[in-house]
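A.B. asks: This structure is in structure tokens; I'll ask about it shortly.
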Amino acid sequence: MKTLEIINIIIMLGLTIYSTYFVVTALFLFKKKKETEVLSENQNHFTILIPARNEENVIKDVIESFNKQKYPKDKYEVIVVINNTLDNTEGVSKSSGASILLCERKIKNKGDALKEAFDKLKNKETDAYIIMDADNIVNDEFLSEMNKSINKGALVAKSNMDIKAKQNTWVSSSYAIYFFIQSILFSKPRNNIGVSSAINGTGIMIKKEIIDKYGFNVKTITEDLEFMTLCALNNVKITYVENAICYAEHPSNFKVSMLQRRRWTKGIYEGFMLYINKLAKHLIKYHTIESLDCLLIYSTPIILITSIISLIINLLIVPLPLFLKITIPSLIISYISISLCALFVCIKNKKNIKEFLSGILMFPIFLLTWQYLNIIILFKKEIAWDEIKHSEKIENI
């Protein structure tokens with residue numbers, strides 16, 4: 001019993017430190033950001049890359065959202081990176097005004113498609129790349145805001161994520177809340193104190209000089225988190241651009257959601273194995289928040305699994321009546337705290353609470369289902385790049 005008690009104390013200490021770190025760093029949301037000096041007034045040229053599989057239903061919308069940009073038309077080009085397609089994605093893209101890049105290699109995931117695109121475009125004259133998904137649309141100031149970030153010295157930048165759907169299920173609302181939390185409680189606080197924000201999902205700007213110098217050498221199926229890690233290891237800061245807004249279509253079906261998040265979780269485990277030692281050495285050498293952030297993000301599944309181990313240990317060493325007396329109130333407090341956090345980020349994002357109420361109330365359950373994925377993924381050797389069907393059409397945001 002003594003051994004179990006010691007193990008439990010160590011686990012609880014680790015969980016407390018992990019949670020406290022993210023709570024404390026989130027408080028910098030309320031710190032006023034120091035204005036960044038504008039270094040130039042250039043109108044930079046952007047190459048927008050949209051990897052697309054079978055996306056004929058939505059690809060037109062993202063292209064047209066770029067066609068409507070309040071930015072000089074000769075200063076950007078939209079390129080759809082066609083891979084593994086069986087529908088008319090190419091034809092719809094061309095008729096909407098985009099250029100086409102056909103992948104010739106075997107493409108297993110989005111990272112593979114982007115690597116081939118960057119290789120083929122290495123001699124292209126452009127200042128920066130924008131990486132989008134086919135189901136996205138952007139606000140009409142998107143490129144102007146990204147241009148401002150470059151003119152203030154940004155080498156890599158991440159847009160603000162929002163939800164594309166007008167009618168939300170609890171699943172799609174939970175997705176939106178998850179990205180709101182990353183933007184509002186992770187990226188913006190770090191941006192306020194001058195350190196890197198997160199790269200999550202899509203709507204990413206990368207200066208061409210970064211690709212030319214470091215490449216896009218991603219190996220996992222979570223290419224966004226992996227590229228964030230490569231930036232941390234090369235001391236490249238990621239800027240959060242709040243007024244460049246990317247609207248994404250989130251899965252509304254729970255089964256589809258589990259398939260997608262299973263892939264994400266597998267990618268995090270892959271990244272953990274690839275980068276944990278490099279990040280630890282980088283942290284010791286440079287003492288950067290960025291390398292610590294990546295270490296903790298990659299450690300999240302392990303941290304969550306240890307919380308289950310702690311629960312089992314408590315069940316073994318604590319009398320059942322006392323166990324229930326402690327555990328049930330703790331679970332209720334956790335549920336209320338997580339739901340209040342979800343409510344807070346929806347309010348900060350000026351969302352209609354009625355439309356997001358199901359997501360707010362179910363968000364703790366959404367996170368709990370990730371616990372299941374964290375465990376089963378340990379026994380999955382291969383995870384396929386499952387196609388996520390996109391169909392959400394929207395006229396006005």
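A.B. asks: Would you be able to say whether some residue in the stretch 201-221 is without any contact (Cβ under 8 Å) to a residue 24 or more places away in the chain and either among the aromatic types (Phe, Trp, Tyr) or at negative phi (or both)?
C.D. replies: Let us first name the residues in the stretch 201-221 that are without any contact (Cβ under 8 Å) to a residue 24 or more places away in the chain, namely 213-214.
Subsequent filtering for residues that are either among the aromatic types (Phe, Trp, Tyr) or at negative phi (or both) retains 213-214.
Yes; the residues of the stretch 201-221 include at least one that is without any contact (Cβ under 8 Å) to a residue 24 or more places away in the chain and either among the aromatic types (Phe, Trp, Tyr) or at negative phi (or both).
A.B. asks: Identify, by number, the condition in (1) part of a helix (DSSP H, G or I); (2) modelled with pLDDT of 95 or more; (3) farther than 24 Å from residue 160 by Cβ that residue 273 doesn't meet.
C.D. replies: (2)
A.B. asks: Could you list, in sequence order, the residues of the stretch 39-68 that are among the hydrophobic types (A, V, I, L, M, F, W, C) and in contact with a His (Cβ under 7 Å, 6 or more places away or on another chain)? Show your work before the answer.
C.D. replies: Kept after step one, since they are among the hydrophobic types (A, V, I, L, M, F, W, C), are these residues of the stretch 39-68: 39, 46, 48-50, 52, 58-59, 62-63, 66.
Once the filter is applied, which keeps residues that are among the hydrophobic types (A, V, I, L, M, F, W, C) and in contact with a His (Cβ under 7 Å, 6 or more places away or on another chain), the stretch 39-68 yields only 58.
A.B. asks: Can you tell which of 321, 301 is buried (at least 20 other Cβ atoms within 10 Å of the Cβ) and part of a helix (DSSP H, G or I)?
C.D. replies: Working: 321 fails: buried (at least 20 other Cβ atoms within 10 Å of the Cβ).
None of the other options fit; the residue is 301.
A.B. asks: Just checking, does the stretch 331-340 include any residue being buried (at least 19 other Cβ atoms within 10 Å of the Cβ), assigned to a helix (DSSP H, G or I) and without any contact (Cβ under 8 Å) to a residue 60 or more places away in the chain? Steps first, please.
C.D. replies: Pass one, the stretch 331-340, residues buried (at least 19 other Cβ atoms within 10 Å of the Cβ): 338.
Subsequent filtering for residues that are assigned to a helix (DSSP H, G or I) retains 338.
Subset that is without any contact (Cβ under 8 Å) to a residue 60 or more places away in the chain: 338.
Yes - at least one qualifying residue is present in the stretch 331-340.
A.B. asks: Now for a separate question. Under 24 Å from residue 116 (Cβ atoms) and in contact (Cβ under 8 Å) with a residue 12 or more places away in the chain: which single residue out of 59, 11, 7 fits that description? Before you say what the answer is, go through the steps one by one.
C.D. replies: Details: 11 fails: under 24 Å from residue 116 (Cβ atoms); 7 fails: under 24 Å from residue 116 (Cβ atoms).
Just a single option satisfies the conditions, and that option is 59.
A.B. asks: Hey, among the residues in the stretch 20-43 that are more than 28 Å from residue 151 (Cβ to Cβ) and hydroxyl-bearing (Ser, Thr, Tyr), which one's least open to solvent (accessible area, probe 1.4 Å)?
C.D. replies: Of all residues in the stretch 20-43, those more than 28 Å from residue 151 (Cβ to Cβ) come to 20-24, 26-27.
Filter once more, keeping what is hydroxyl-bearing (Ser, Thr, Tyr): 20-21.
Details: 20: 69, 21: 46 Å².
Ranking the qualifying residues of the stretch 20-43, first place goes to 21.
A.B. asks: Still on this structure: Could you please find all residues in the stretch 231-243 being under 15 Å from the mean Cα position of the chain (by Cα) and either open to solvent by 40 Å² or more (accessible area, probe 1.4 Å) or not β-branched (Val, Ile, Thr) (or both)?
C.D. replies: 231, 240, 242
A.B. asks: If I filter the stretch 244-262 down to residues being open to solvent by 30 Å² or more (accessible area, probe 1.4 Å) and within 24 Å of residue 293 (Cα to Cα), which single residue comes out as modelled with the highest pLDDT?
C.D. replies: This residue is 245.
A.B. asks: Search the stretch 281-294 for residues that are among the polar types (S, T, N, Q) and pair each with any residue that is assigned to a helix (DSSP H, G or I) and buried (at least 22 other Cβ atoms within 10 Å of the Cβ) when their beta-carbon atoms are under 9 Å apart and the residues are at least 6 apart or on different chains.
C.D. replies: Filtered contacts from the stretch 281-294: 288/232; 288/282; 291/229; 291/232; 291/279; 291/282.
A.B. asks: Right, another one. Which residues, taken from the stretch 53-87, are at pLDDT 95 or above and not in a helix (DSSP H, G or I)?
C.D. replies: If the condition is that a residue be at pLDDT 95 or above and not in a helix (DSSP H, G or I), then 68, 69, 70, 71, 72, 76, 77, 78, 79, 80, 81, 82 are the ones that fit.
A.B. asks: Let me ask something else. How many residues are open to solvent by 10 Å² or more (accessible area, probe 1.4 Å) and at pLDDT below 95 when one looks only at the stretch 201-214?
C.D. replies: Count: 1.
The values are calculated or read from the model by the stated rules, or taken from the named source; none is laboratory data. The model shown is predicted, which means the values in this text are computed figures rather than measured ones. Positions of Cβ are backbone-derived with ideal geometry, glycine not excepted, and every protein chain shown enters the neighbour counts. To get the accessible areas, we keep the full protein, side chains included, count just its heavy atoms, and leave off ligands, DNA and RNA. Shrake-Rupley method; radii C 1.70, N 1.55, O 1.52, S 1.80 Å.
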